[in-house]
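A.B. asks: One structure, pasted below without further comment.
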Amino acid sequence: MPRPTSLSPLTKLAIGALEDLKGQDIKLLDVRKLTTVTDTMVICTGTSNRHVSSLAQNVAEVSKKAGFRPMGVEGKDTGEWVLVDLGDVVVHVMQSQARAHYQLEKLWAVDEEPVAVTTIRSKPAKSKTTKAKATKKTAAGKAVKKTAKKATKKAARKAAARPSAKPKAAKKASAGKKTAARRG
């Protein structure tokens, strides 16, 4: 989904910082009508404690470089849910379990005043080099499958060409007949 054009520079900056480190399922909540604390909430999912912490740290560092000093960063030690307060924008970076448990999108969706939720990007876009690598891997996988199929067919032909082994009972019976013929 394309990024909305009416975003503040700070919001764009925060979303860009999350996308740079492959933040997942980035959502934007417009909460101006619900609270005076902040205008926008950005919610993002990280894959692990380290990923969540590094996403939040990247948002804080990028905003500092752009001249927007964070008012606070909370939860960085545990890495389950890190909140970066940038004033008009509050960024929540969470692990998927915490995000499912707290359901911030539902929490801020009041019946009288529905919150505008915008999905920025559900999955990170693949770059051209990633697509080329994926194509190479697919081609290599197909070649391996073809080789495996040929080997299986070749083994089946060899097995069919070999004389079938007699069952043990049949071997014993024929051995007994040979012994009796020698004696008699």
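A.B. asks: Accessible surface of residue 108 in the full protein assembly, 1.4 angstrom probe, to the nearest 10 Å²?
C.D. replies: Surface accessible to solvent at residue 108 totals approximately 60 Å².
A.B. asks: Along the charge dipole of the range 7-91, which of 51, 10, 71 sits closest to the positive end, that is, farthest toward it, with unit charges on the beta carbon of Lys, Arg, Asp and Glu (+1, +1, -1, -1)?
C.D. replies: Most positive-ward Cα: 10.
A.B. asks: What ranking of 101, 92 comes out by heavy-atom accessible area, probe 1.4 Å, highest first? Each step should come with its number before you reach the end.
C.D. replies: Numbers: 101 130, 92 15 Å².
The ordering from most to least exposed comes out as 101, 92.
A.B. asks: Which shape class applies to the range 1-112: rounded if a/c is under 1.5, otherwise prolate when a/b exceeds b/c and oblate if not, where a ≥ b ≥ c are the square roots of the Cα gyration tensor eigenvalues? Present the calculation step by step, with values, prior to reporting the outcome.
C.D. replies: Working: a/c = 1.43, a/b = 1.08, b/c = 1.32.
Cα axes put the range 1-112 in the rounded bin.
A.B. asks: Just reorder 107, 13 by solvent-accessible area, largest first, 1.4 Å probe, all chains present. Write out the running numbers ahead of the final one.
C.D. replies: Details: 107 115, 13 45 Å².
Sorted descending by solvent-accessible area, the residues read 107, 13.
A.B. asks: Let me ask something additional. Heavy atoms only, probe 1.4 angstrom, no DNA, RNA or ligands counted: give me 55, 7 ranked by accessible area, highest first. Don't jump to the answer; show the numbers that get you there.
C.D. replies: On the way: 55 0, 7 30 Å².
Final ranking, largest accessible area leading: 7, 55.
A.B. asks: Next question. Once the whole set of protein chains is in place, how much accessible area is left on residue 76, using a 1.4 Å probe, in Å² to the nearest 10?
C.D. replies: Solvent-accessible area, nearest 10 Å²: 90 Å².
A.B. asks: Given a 1.4 Å probe and the protein chains all in place, what does the accessible area of residue 82 round to, in Å² to the nearest 10?
C.D. replies: Result for residue 82: roughly 0 Å² accessible.
A.B. asks: Could you please tell me the mean projected area of the C-alpha convex hull for the range 10-59, averaged over all directions and given in square nanometres to one decimal? Show your work: numbers first, answer last.
C.D. replies: On the way: hull surface 14.2 nm².
Average projection, Cα convex hull of the range 10-59: 3.6 nm².
A.B. asks: Can you tell me how the range 28-86 classifies by the Cα gyration tensor, rounded, prolate or oblate, using a/c under 1.5 as the rounded cut? Present the calculation step by step, with values, prior to reporting the outcome.
C.D. replies: Working: a/c = 2.10, a/b = 1.36, b/c = 1.54.
Judged from the Cα gyration tensor, the range 28-86 comes out oblate (a/c at least 1.5, b/c at or above a/b).
The values are calculated or read from the model by the stated rules, or taken from the named source; none is laboratory data. Predicted model only: the values in this text are computed from it and were never measured. Every residue, glycine among them, receives a Cβ derived from its backbone with ideal geometry; neighbour counts consider all protein chains shown. With ligands, DNA and RNA removed, areas are computed over all heavy atoms of the protein, side chains included. Shrake-Rupley method; radii C 1.70, N 1.55, O 1.52, S 1.80 Å.
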